[in-house]
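Data first, discussion second: the structure below is written as structure tokens.
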Amino acid sequence: MKQSQLFTKTQKDAPKDEVSLNAQLLIRAGFVHKEMAGVYAYMPLGLRVLENIKKIVKEEMNAVGGQELMMTTLQPKEIWEKTDRWDDKKVDNWFKTKLVSGTELGVGLTHEEPVVDVVSNYLSSYKDMPFAVYQIQNKFRNELRAKSGLFRGREFLMKDMYTFSRDQKQHMEIYEKIVEAYFKVYERLGLGGITYRTYADGGIFTPRFSDEFQTLAAVGEDIIYLDEKKGIAINKEILTDENLQKLGLDRKNLVEKKAVEVGNTFHLESKYTDALDLYYVDENGEKQSIIMGCYGIGISRLMGVIAEIFSDAKGLVWPESVAPFKVHLISLGKDEEAEKIYAELQKNGIEVLFDDRDESAGKKFADADLIGIPYRVVVSEKSMQAGGVEVKKRKEEKGEIVKIEDLVRKMK
């Protein structure tokens, strides 16, 4: 992409009502546009980041046997009444709407009931399990206080996966595979080493713990207690001697940390399948309950977390795996040479944002720092006299001169 053709522009200031660093940077750099509190539109640069995160998540979910589908946002009232989750007193963050006929509908905030409804058309035998289905879709939650930029939104992009198993043993086998896949996702996103499996309340579904995946961050809304040696944590909400004993944790080895939840996994037991009358027939012809699990990752929240953690005083510092482009090519009065380099990089599959604008060097460099693409390649009279182009990583103070014929190899 040529920057002169990019309709978004960088901004010196973010909206005065935006207090979170992630949203301030993303707005200023032209990645997102704030429609209202908790609702953001994704501009071309921001959409490229979202798609890169989605790609990583999809690859790891597919690797453990996940099958992608796309479910509806509009939800029929009847299936939610069967599980006693339609009433606002039970689930208070619904958005609801009506058809012209007056029929009430829910606007999707999660999909346990709908996925059971779908699966009921296909699942009847023990031979049909285990399996996992997932989607990546916009969700809508009527948050009382949408805050922290992309961390807590009223409209957000989420991956939600659901597993179906014949018994607890089968469920736990697939559950642990998905937990392992989550850590592969976080490693690839650059969050490995600061994201921990955190035991949390199992809620009304199960006497067992649920799992949160918490990324350490000074701006985190959650308090966790981390055993750094074991690499696991417990949420402050369930920090009791009884729970510590169950988990084999010693209170004196725990360190209090702030963190942001970037994923969660739950044991649903047979709450939803029983309520919606979905059972299977075992080898002996007996009707049995189906055990479910659900697994969420906030895609847009991850974008906010990465922006918050990987940034400095100059702007964003994207990890290569999610950056909108790998190379930010800047021409300083050497447009003909830069055009050739641009074409060569593209021909070799290297994604490039080419700053061909008629702007000062200072403006171009400041914008490059704000946008945060991993590699800056500068073509100038000075670099050409030194033997090539200047290549600098976003976090480095100084770059190096690379011969033009060696540039593609180095970027690859």
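A short reminder: the numbers here are calculations on the coordinates, not readings from a lab. As the structure is a computational prediction, the values presented were derived from the model and not from experiment. When we count neighbours, we look across all protein chains shown, and the Cβ atoms used for this are built from the backbone with ideal geometry, even at glycine.
Quick one: if you stick a label point 7 Å off each Cα along the C-beta vector at E68 and D17, how many nm between them?
Using points 7 Å along Cα→Cβ, the separation is 3.5 nm.
Listing K257, K230, K9 from the residue with the fewest other Cβ atoms within 10 Å to the one with the most, what is the order? Write out the running numbers ahead of the final one.
Values: K257 21, K230 15, K9 10.
By the 10 Å Cβ count, ascending, the order reads K9, K230, K257.
Which angle between 0 and 90 degrees, to the nearest 10, do you get for helix 361-371 versus the longest principal axis of the chain when only C-alpha atoms count?
10
On a 0 to 90 degree scale, rounded to 10, what angle separates helix 168-188 from the longest Cα axis of the chain?
Here the helix axis deviates by roughly 10 degrees.
On full extension of the chain, what length is gained from A361 through V408, given 0.36 nm per residue of separation minus the C-alpha to C-alpha distance?
14.6 nm
Can you work out the Karplus-derived ³J(HN,Hα) for every residue in region 15-31? Use 6.51 cos²θ - 1.76 cosθ + 1.60 with θ = phi - 60°, whole Hz, and x for glycine or proline.
x, 4, 8, 9, 9, 7, 4, 4, 6, 4, 5, 5, 5, 4, 7, x, 8
Can you work out the FRET efficiency for the pair E51 and I194, with r the C-beta to C-beta distance and R0 = 30 Å, to the nearest 0.05?
0.80
Which one of M43, G190, M172 is farthest out on the positive end of the charge dipole of region 3-312, using unit charges on Cβ (Lys, Arg +1; Asp, Glu -1) and the Cα centre as origin?
M43
If I take R0 = 56 Å and measure r between the Cβ atoms of K314 and E283 in this structure, what FRET efficiency does the formula 1/(1 + (r/R0)^6) give, to the nearest 0.05?
Rounded to the nearest 0.05, the efficiency is 0.30.
Set the Förster radius R0 to 51 Å, insert the Cβ-Cβ distance between V179 and E351 as r into 1/(1 + (r/R0)^6), and round the FRET efficiency to 0.05.
Efficiency, rounded to the nearest 0.05: 0.95.
If each residue of separation counts as 0.36 nm, what is the full-extension length gain between Q168 and N121 once their alpha-carbon separation is subtracted?
On the way: separation 47, 0.36 × 47 = 16.92 nm, distance 2.28 nm.
Full extension from Q168 to N121 adds 14.6 nm.
Return one number: the angle in degrees, 0 to 90 and rounded to the nearest 10, between the long axis of the Cα atoms of helix 299-309 and the longest principal axis of the Cα atoms of the chain.
So the inclination is approximately 50 degrees.
Taking the simple approach of a point 7 Å from Cα along Cα-to-Cβ for both M36 and K77, what is their distance in nm?
Calculated label separation equals 2.3 nm.
If I take every Cα pair under 8 Å that is 6 or more residues apart in the chain, average their sequence separation and divide by the length, what percent do I get for the relative contact order?
Values: 781 pairs, mean separation 66.8, N = 412.
Taking the mean separation of contacting Cα pairs over the length of the chain, I get 16 percent.
Ordered by packing density, taken as the mean number of other Cβ atoms within 10 Å over each peptide's residues, highest first, how do 237-248, 322-333, 43-54, 297-308 rank? Spell out each step's value before the answer.
On the way: 237-248: 13.0, 322-333: 22.2, 43-54: 19.4, 297-308: 26.0.
Going by the mean number of other Cβ atoms within 10 Å, highest first, we get 297-308, 322-333, 43-54, 237-248.
How would you order 69-79, 30-40 from highest to lowest mean count of nearby Cβ atoms within 10 Å?
30-40, 69-79
Measure off 7 Å from each Cα along the Cα-to-Cβ vector at T206 and K58, then give the distance between these two points in nanometres to one decimal.
The answer from the label model is 2.8 nm.
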